[in-house]
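Here the structure comes first, spelled out in structure tokens, and everything after it is commentary.
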Number of protein chains: 6
Amino acid sequence: MEALSIGKIAVLYAISTKSEAEEICQKASEMGYRLYKGSVGSMDSAKIFAAVETAAKKEGLINPIYREEHSIYHSILEAYTAICRGREGLGNVLRSAGLAFSIVRGPRISNDKNDGEWIAIVLFGNMGAPIKGYEHEVIGLGINPV
Amino acid sequence: MEALSIGKIAVLYAISTKSEAEEICQKASEMGYRLYKGSVGSMDSAKIFAAVETAAKKEGLINPIYREEHSIYHSILEAYTAICRGREGLGNVLRSAGLAFSIVRGPRISNDKNDGEWIAIVLFGNMGAPIKGYEHEVIGLGINPV
Amino acid sequence: MEALSIGKIAVLYAISTKSEAEEICQKASEMGYRLYKGSVGSMDSAKIFAAVETAAKKEGLINPIYREEHSIYHSILEAYTAICRGREGLGNVLRSAGLAFSIVRGPRISNDKNDGEWIAIVLFGNMGAPIKGYEHEVIGLGINPV
Amino acid sequence: MEALSIGKIAVLYAISTKSEAEEICQKASEMGYRLYKGSVGSMDSAKIFAAVETAAKKEGLINPIYREEHSIYHSILEAYTAICRGREGLGNVLRSAGLAFSIVRGPRISNDKNDGEWIAIVLFGNMGAPIKGYEHEVIGLGINPV
Amino acid sequence: MEALSIGKIAVLYAISTKSEAEEICQKASEMGYRLYKGSVGSMDSAKIFAAVETAAKKEGLINPIYREEHSIYHSILEAYTAICRGREGLGNVLRSAGLAFSIVRGPRISNDKNDGEWIAIVLFGNMGAPIKGYEHEVIGLGINPV
Amino acid sequence: MEALSIGKIAVLYAISTKSEAEEICQKASEMGYRLYKGSVGSMDSAKIFAAVETAAKKEGLINPIYREEHSIYHSILEAYTAICRGREGLGNVLRSAGLAFSIVRGPRISNDKNDGEWIAIVLFGNMGAPIKGYEHEVIGLGINPV
């Protein structure tokens with residue numbers, strides 16, 4: 001089986017349709033990754049952070065110690081910064097985001113046994129004016145060792 | 001055929017392996033998109049801008065007028081900002097990027113006939129220390145009307 | 001008649017006194033520009049975005065399609081970023097803005113017939129502590145093809 | 001007596017324990033500095049600005065004219081930017097800060113008689129998730145002529 | 001004579017044609033302002049800082065002490081940040097700027113005698129691709145007490 | 001012995017005079033911390049990153065695996081962002097930095113045995129115009145689990 005990398009898995013999982021998701025999940029699980037996919041939409045950026053952190057804890061993707069929470073927080077922060085593309089903010093700059101998110105935990109590269117576990121977060125969806133259909137796609141990826 | 005969106009096409013094309021790329025390219029072409037995929041690696045961020053702009057012109061993905069060049073420039077700038085995740089710079093903060101890039105031109109959503117043409121740029125690859133293997137994945141997407 | 005540029009018109013219009021405004025408006029209109037001038041003051045940055053977008057729609061300066069809304073949004077975002085000078089925010093960093101704004105639509109340079117229409121937004125006024133007189137001037141300009 | 005600089009005094013004072021604070025305060029006062037130390041904790045960044053500005057006015061560390069308020073405001077803004085390390089915000093990115101702050105007014109270097117008075121602000125404390133103990137230290141320093 | 005403000009003078013002076021410049025200069029001088037206008041074009045942002053600082057010193061608009069140099073430096077930095085609109089850089093993001101700049105020293109508002117002297121810097125011109133005509137206007141204003 | 005925290009140790013060590021440094025080093029070493037102090041001055045920000053990374057490797061403060069290099073890199077990046085206070089860059093915005101730096105590895109809080117090892121980086125010194133004495137103090141702190 002061809003080697004996969006944690007970021008590509010997280011991207012594919014976040015952008016997948018329902019039927020594609022299962023296949024990705026199974027393939028990545030066999031390679032030793034743990035994955036979760038959820039969704040969140042808001043003009044309040046804090047809700048995006050809360051949704052991803054809560055899912056990570058509830059699904060056991062991070063252990064209840066600060067160094068793991070720190071790792072996932074910074075991964076979300078990086079992905080969030082990326083979807084904002086240089087000017088952070090949602091409601092404060094009158095825009096809204098409807099996002100799918102993926103959380104992936106495992107090796108940086110599937111066949112790398114010497115560099116421990118990493119966390120990848122992807123946010124993918126649409127950002128735009130608070131008017132139906134006035135939006136385009138955004139993606140963000142944050143990766144940190146855990 | 002299921003509707004596709006320009007951002008998802010650009011993401012899939014940028015992260016695709018060689019064999020996957022052909023399939024994406026064909027499917028998107030049938031839906032009215034024009035696509036290009038290239039690669040660039042550097043510690044000098046200007047080279048990333050130059051590589052994508054040059055490819056877009058050479059492949060005829062933008063016409064030689066400023067408003068189209070402006071559109072692709074801002075799409076690259078947004079994708080570049082996203083891969084930097086909040087702190088722009090490569091060599092000046094002692095890091096390097098090895099990237100695949102995709103350029104996609106067409107409707108925002110494949111079956112949308114009323115909102116004209118858009119450009120999507122994806123940068124995908126690895127960023128890290130200038131030491132072999134000391135790097136992890138990054139992705140950035142910029143979309144603008146053209 | 002000497003050629004004028006869209007940015008200079010937008011700047012002059014935004015900083016003009018009432019009597020100067022009429023002259024600018026007439027001269028620019030003759031050159032094919034459409035203009036609007038309004039005002040907005042707030043510690044809530046979203047109100048600035050809403051005031052300018054609403055005016056642009058109500059005055060017919062943009063058509064009701066997303067690509068035009070996108071163009072004006074990004075022009076406001078650029079002007080707003082410029083008045084913040086590197087640290088975005090108003091109330092969250094305990095400062096307030098009282099602004100005049102101008103919206104100008106037309107050619108980038110008055111005698112340029114080959115590069116289509118552009119939108120220029122200028123925000124001009126005072127920013128400072130929420131204490132009367134504790135403020136100084138700021139200006140921001142954003143320009144995008146429409 | 002060895003020369004001291006305004007920034008080092010402000011840092012030492014902000015990070016000092018209660019017993020150390022008195023010694024620093026006395027030594028710096030003898031060198032012509034005026035100092036104040038307070039504390040503020042919040043997820044709302046505006047409260048940090050308000051706490052420091054209010055203290056500076058109440059303690060007479062700035063005179064009631066705009067140019068002095070401007071100087072302290074920009075010093076707080078710089079210190080605040082520094083504790084945020086590239087991505088401004090507290091509650092909006094789901095994090096909280098518990099901070100001690102110091103305000104120091106006097107010469108840039110204690111024995112420099114030719115460059116007037118300066119203001120230094122230090123913010124020091126912990127930033128983290130709104131969960132007890134899930135936080136680490138941050139420090140920020142802003143200096144401006146007054 | 002109607003009161004004028006330092007920012008508006010600096011904006012008008014920077015965007016003025018040669019014949020307008022004289023009138024502005026004379027009117028502002030009578031109100032107690034000192035002014036200078038120059039120009040600089042580069043892909044290297046440091047050259048913009050150097051051109052304005054050098055002019056300010058040579059024309060005697062700042063005295064040779066650090067607190068005045070600090071004031072003009074931060075005014076340039078704010079104006080420069082404003083023309084970059086959220087993503088600092090010129091050559092590193094493959095763009096170039098051709099600018100006129102104005103330096104104005106005097107009261108914040110022409111008839112205000114109680115708040116000392118301030119410095120205003122305006123940068124105005126074109127920014128764009130390093131291709132002739134592929135550029136649009138930008139403006140930035142920085143104001144600090146001196 | 002009173003508990004100490006990694007950030008305070010790193011700050012005290014970076015701002016210490018030669019005689020103070022020995023005492024801090026000894027006290028922190030007894031509590032299980034490993035420390036290093038060096039210095040670097042430049043208008044080229046990459047040199048700051050290189051100086052701290054090289055010292056960390058040479059002194060054995062990080063092990064030669066990417067996850068540890070990643071941790072120290074992000075700590076430097078955060079400290080560097082903090083000294084820049086919102087506008088990253090040195091030579092490109094015509095300023096220079098002369099810095100002492102400290103690297104500290106150990107528990108987040110000296111008596112905390114359950115949250116593993118962390119890295120703290122402090123940059124402290126002067127930043128200013130490339131003119132002797134035209135500079136003031138800056139400080140930055142970055143902390144990450146290692």
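Right, E:ILE76: touching a Ser or Thr at 6+ places or on another chain (Cβ under 8 Å), modelled with pLDDT of 95 or more and not aromatic (Phe, Trp, Tyr) or not? Step through it out loud before you land on a result.
Details: touching a Ser or Thr at 6+ places or on another chain (Cβ under 8 Å): no; modelled with pLDDT of 95 or more: yes; not aromatic (Phe, Trp, Tyr): yes.
It is false that E:ILE76 is touching a Ser or Thr at 6+ places or on another chain (Cβ under 8 Å), modelled with pLDDT of 95 or more and not aromatic (Phe, Trp, Tyr).
If we keep just the residues of segment A:103-138 that are acidic (Asp, Glu) and over 25 Å from B:ARG105 (Cβ atoms), which is nearest to the chain's Cα centre (by Cα)? Walk me through it before giving the result.
Taking segment A:103-138 and keeping what is acidic (Asp, Glu), we get A:112, A:115, A:117, A:135, A:137.
The next check asks that each one be over 25 Å from B:ARG105 (Cβ atoms); those that pass are A:112, A:115, A:117.
Numbers: A:ASP112: 21, A:ASP115: 21, A:GLU117: 16 Å.
Here the residue is A:GLU117.
Going through segment B:53-72 one residue at a time, which ones are within 11 Å of chain C (Cβ to nearest Cβ) and among the hydroxyl-bearing types (Ser, Thr, Tyr)?
Correct list: B:TYR66, B:SER71.
Can you list residue pairs whose Cβ atoms sit under 7 Å apart, with the first residue in segment B:23-35 being within 13 Å of B:ALA120 (Cα to Cα) and the second being charged (D, E, K, R) and outside any helix (DSSP H, G or I)? Count only pairs 6 or more apart in sequence or on different chains.
Pairs found: B:TYR33/B:ARG105; B:ARG34/B:ARG105.
Applying the selection to segment B:13-24, what residues are among the small types (Gly, Ala, Ser) and open to solvent by 30 Å² or more (accessible area, probe 1.4 Å)? Walk me through it before giving the result.
Applying the first criterion (among the small types (Gly, Ala, Ser)) to segment B:13-24 yields B:14, B:16, B:19, B:21.
Once the filter is applied, which keeps residues that are among the small types (Gly, Ala, Ser) and open to solvent by 30 Å² or more (accessible area, probe 1.4 Å), segment B:13-24 yields only B:SER19.
Look at B:ARG85 and say whether it is at positive phi and either within 12 Å of another protein chain (Cβ to nearest Cβ) or within 11 Å of the chain's Cα centre (by Cα) (or both).
Values: at positive phi: yes; either within 12 Å of another protein chain (Cβ to nearest Cβ) or within 11 Å of the chain's Cα centre (by Cα) (or both): yes.
Criteria met by B:ARG85.
Taking segment D:113-146 on its own, how many of its residues are assigned to a loop (DSSP other than H, G, I, E, B) and more than 9 Å from chain F (Cβ to nearest Cβ)?
Residues of segment D:113-146 assigned to a loop (DSSP other than H, G, I, E, B): D:113-117, D:129-134, D:146.
Subsequent filtering for residues that are more than 9 Å from chain F (Cβ to nearest Cβ) retains D:113-114, D:116-117, D:129-132, D:134, D:146.
Residues meeting the conditions: 10.
Which ones in segment C:68-117 are under 19 Å from B:SER71 (Cβ atoms), aliphatic (A, V, I, L, M) and either free of Cβ contacts under 8 Å to residues at least 60 places away in the same chain or open to solvent by 10 Å² or more (accessible area, probe 1.4 Å) (or both)?
Matches in segment C:68-117: C:ILE109 only.
Would you check which residues across segment B:35-67 are surrounded by fewer than 23 Cβ atoms within 10 Å (Cβ to Cβ) and of a type in the set (Val, Ile, Thr) and list them?
Selection gives B:VAL40, B:THR54, B:ILE62, B:ILE65.
Go through segment F:25-34 and give me each residue that's in a helix (DSSP H, G or I) and either surrounded by fewer than 19 Cβ atoms within 10 Å (Cβ to Cβ) or modelled with pLDDT under 95 (or both). Full working, then the answer.
Start the filter on segment F:25-34 by keeping residues that are in a helix (DSSP H, G or I), which leaves F:25-30.
Listed by number, the residues that qualify are F:GLN26, F:LYS27, F:SER29, F:GLU30.
Residues that are more than 7 Å from every other protein chain (Cβ to nearest Cβ), farther than 25 Å from F:MET43 by Cβ, in a loop (DSSP other than H, G, I, E, B) and over 11 Å from the mean Cα position of the chain (by Cα): does segment B:88-102 have at least one?
The initial filter retains those residues of segment B:88-102 that are more than 7 Å from every other protein chain (Cβ to nearest Cβ), namely B:90, B:95-102.
Applying the additional criterion that residues be farther than 25 Å from F:MET43 by Cβ yields B:98-102.
Retained after the next criterion (residues that are in a loop (DSSP other than H, G, I, E, B)): none.
The answer is no, given that none of the residues of segment B:88-102 is more than 7 Å from every other protein chain (Cβ to nearest Cβ), farther than 25 Å from F:MET43 by Cβ, in a loop (DSSP other than H, G, I, E, B) and over 11 Å from the mean Cα position of the chain (by Cα).
The values are calculated or read from the model by the stated rules, or taken from the named source; none is laboratory data. All figures in this text were calculated on a predicted structure; none of them were measured in a lab. Because the Cβ atoms are built from the backbone with ideal geometry, glycine has one as well, and the counts that use them run over all protein chains shown. With ligands, DNA and RNA removed, areas are computed over all heavy atoms of the protein, side chains included. Shrake-Rupley method; radii C 1.70, N 1.55, O 1.52, S 1.80 Å.
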